[in-house]
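Asker: Sharing a structure, written as structure tokens. Questions coming.
The values are calculated or read from the model by the stated rules, or taken from the named source; none is laboratory data. Since the structure is predicted, the reported quantities are computational estimates derived from the model, not experimental observations. Every residue, glycine among them, receives a Cβ derived from its backbone with ideal geometry; neighbour counts consider all protein chains shown.
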Amino acid sequence: MLSPKEFVYDEYYDVYLCPENHPLSYSTTTRDGYREYKSNPAVCQSCPLLSVCTQSKTHQKVITRHLWKDDLEACEDMRHQRGMKERYQKRKETIERLFGTAKEYHNLRYTRLRGKSNMEATLGLTLACLNMKKYSKIMAGIVFLICLKVAKVSPIIIMKVNEKTNWRFRPVCLQSDTYFSKCFFYMKANVNLTGYFAKRYV
């Protein structure tokens, strides 16, 4: 059977063209947001590709196109542009984590509210909470750096501490909870071990 990809969409005339160059005109829009394009049964009845085109008893081919199909195609073209692969990798570390957090811990998988205004208010509060959480994590990192400065412990010492204690310290995206949990871990370790390592390495 012929796939919908073998039918070409003409944006100017808002019709689909079949492999035999016959138009499929717009008919209606479904409740799910799909526009239906239908062929002329009189033309399809004498078409040589009828047997591989449709199994309809009325000899009519129907193709559906979503209302947002143009936007989806634009995004698909953008995805294949140069440099977009690296951006998508970065998106996994930042944006998609926030989406997952919002769905799992802030009840954005579904809603009982109705109306655009109610959803905008709910989403606004959720995003405000996520921003506050992000801000608190950033501040935790700043406090960590201040503690290092006050204790006069350099990152080199931390790396040497890693060698002796087998602690793992890797640069992690600031969006990651692991980074800040390690920050507090090192803060606690630095307070306990500052005197010991200051004698050896400072």
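Asker: Of the residues V43, V143, which single one is farther than 26 Å from D14 by Cα and not in a loop (DSSP other than H, G, I, E, B)? Steps first, answer last, please.
Answerer: On the way: V43 fails: farther than 26 Å from D14 by Cα.
One residue alone meets the criteria, V143.
Asker: Given the residues Q81, Q89, which is the only one that is loosely packed, with under 14 Cβ neighbours inside 10 Å and not in a loop (DSSP other than H, G, I, E, B)?
Answerer: Q89
Asker: Take the conditions assigned to a helix (DSSP H, G or I), modelled with pLDDT of 90 or more and either surrounded by 13 or more Cβ atoms within 10 Å (Cβ to Cβ) or not assigned by TED's automatic domain parsing to the domain that holds C129 (or both) and apply them to A102. Does it pass? Give the steps one after another, and end with the answer.
Answerer: On the way: assigned to a helix (DSSP H, G or I): yes; modelled with pLDDT of 90 or more: no; either surrounded by 13 or more Cβ atoms within 10 Å (Cβ to Cβ) or not assigned by TED's automatic domain parsing to the domain that holds C129 (or both): yes.
So A102 fails the test.
Asker: Can you confirm whether Y135 is surrounded by 12 or more Cβ atoms within 10 Å (Cβ to Cβ), at pLDDT 70 or above and under 24 Å from the mean Cα position of the chain (by Cα)?
Answerer: Spelling it out, it is not the case that Y135 is surrounded by 12 or more Cβ atoms within 10 Å (Cβ to Cβ), at pLDDT 70 or above and under 24 Å from the mean Cα position of the chain (by Cα).
Asker: Quick one: would you say L24 is under 14 Å from V62 (Cβ atoms), over 32 Å from the mean Cα position of the chain (by Cα) and part of a strand (DSSP E or B)?
Answerer: yes
Asker: Right, next: Among the residues of segment 105-131, what is the count of those that are surrounded by 12 or more Cβ atoms within 10 Å (Cβ to Cβ) and either among the polar types (S, T, N, Q) or in a helix (DSSP H, G or I) (or both)?
Answerer: Final tally of qualifying residues: 11.
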